[in-house]
1. If we count other beta carbons within 10 Å of each Cβ, what is the order of ILE107, ILE6, ILE77, fewest first?
2. Dipole size in debye (nearest 20) for the stretch 3-259 around its Cα centre, Lys and Arg Cβ +1, Asp and Glu Cβ -1?
3. What residue among ALA206, ALA183, ALA135 shows peak mean-square fluctuation when the chain is described by a Gaussian network model with Cα springs under 10 Å?
4. Among LEU205, LEU190, ILE225, whose Cα projects farthest towards the positive end of the dipole of the chain, with charges put on the beta-carbon of Lys, Arg (+1) and Asp, Glu (-1)?
5. Got a sec? How would LEU194, LEU50, LEU14 order by Cβ neighbour count within 10 Å, fewest to most?
6. Between THR219, THR114, THR208, which gets the highest mean-square fluctuation from a Gaussian network model of the chain, Cα cutoff 10 Å?
7. Angle between the Cα long axis of helix 3-22 and the longest principal axis of the chain, 0 to 90 degrees, nearest 10?
8. Please report the relative contact order for the chain, taking Cα pairs under 8 Å with a sequence separation of at least 6, and give it as a percent rounded to a whole number.
Amino acid sequence: MEPTIIIVLVLAVLVGVSLGLLGGGGSILTVPILTYVLGMDPQEAIAASLFIVGTTSAVSVISHGRAGRVRWKMGLIFGTAGMTGAFTGGLVGGYIPGTVLMLLFAIMMVATATAMIRGRKRADDSEEPKELPLARIILDGFLVGIATGLVGAGGGFLVVPALTLLGGLPVAIAIGTSLLIIAMKSYAGLAGYLFTVQIQWPIVLAFTAVAIGGSFIGTALAGKIPEKTLRKGFGVFVLVMGMIVLAQEIPDAFALLTDA
């Protein structure tokens with residue numbers, strides 16, 4: 001086995017741990033790994049990420065559900081709306097230059113990280129999570145779905161903030177619920193990309209299998225870390241990754257503008 005493949009499979013464990021523990025971060029790690037380590041084109045990396053993250057999330061949500069950390073009704077409604085947006089984003093993303101997609105990816109990461117670090121102001125920590133209006137859940141789900149399908153991201157790192165900052169769910173429950181939503185939206189986004197992208201299935205399936213193994217580690221740790229620590233740690237992680245991607249892509253963006 002080539003050293004590069006071994007490195008990628010080791011990193012796949014981190015993808016699974018991130019999804020199981022944080023309910024997100026899978027695409028934040030997977031897209032850069034497939035793009036910068038394996039050398040995949042951004043569109044192919046995004047499509048592969050949608051399969052990897054969707055499948056790993058689908059497995060992880062089972063354990064979270066058994067622990068009572070999934071709001072099934074909200075998740076299914078949000079996820080169904082997100083599937084429509086993700087399919088649309090996947091169709092459109094196949095025709096957008098890879099550099100533009102990666103810049104959008106990084107910008108969303110930085111904006112979301114900022115919101116997570118700042119947190120959601122609540123008058124009373126004992127306040128019960130509010131019920132969002134159905135129309136709001138559908139709209140938020142659709143918009144987040146477009147982001148997921150377009151850049152292979154916006155799974156957990158947009159869904160978890162949406163459920164915590166807007167819906168008032170505790171982070172641990174938002175994480176479990178986000179995994180259900182991520183799985184639904186990822187497969188819809190993948191379906192859109194398959195019209196224009198070919199996937200290297202042997203590599204992707206191996207990555208997925210290892211990531212699923214890592215997700216069991218993350219799930220075992222979930223719910224044992226204080227909510228404030230988990231939220232801020234998640235935000236810092238996303239912010240750092242976003243800055244790394246920006247540093248990688250800004251030179252290419254300038255070159256693209258110069259050529260134009």
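Only the coordinates and a few stated rules stand behind these numbers; no lab work does. Because the structure is predicted, anything quoted here is derived from the model rather than measured. FYI the Cβ positions are ideal-geometry reconstructions off the backbone, even for glycines, and counts take in every protein chain you see.
1. Taking fewest neighbouring Cβ atoms as first place, the list is ILE6, ILE107, ILE77.
2. Working: 15 positive and 12 negative charges, 170 e Å.
So the dipole magnitude of the stretch 3-259 works out to roughly 820 debye.
3. Maximum among the listed residues: ALA135.
4. Result: ILE225, furthest along the dipole toward the positive end.
5. So the residues, fewest neighbours to most, are LEU194, LEU14, LEU50.
6. With Cα springs under 10 Å in the chain, the top fluctuation among THR219, THR114, THR208 is at THR114.
7. 20 degrees
8. Numbers: 487 pairs, mean separation 99.4, N = 260.
It comes to 38 percent, rounded to a whole number.
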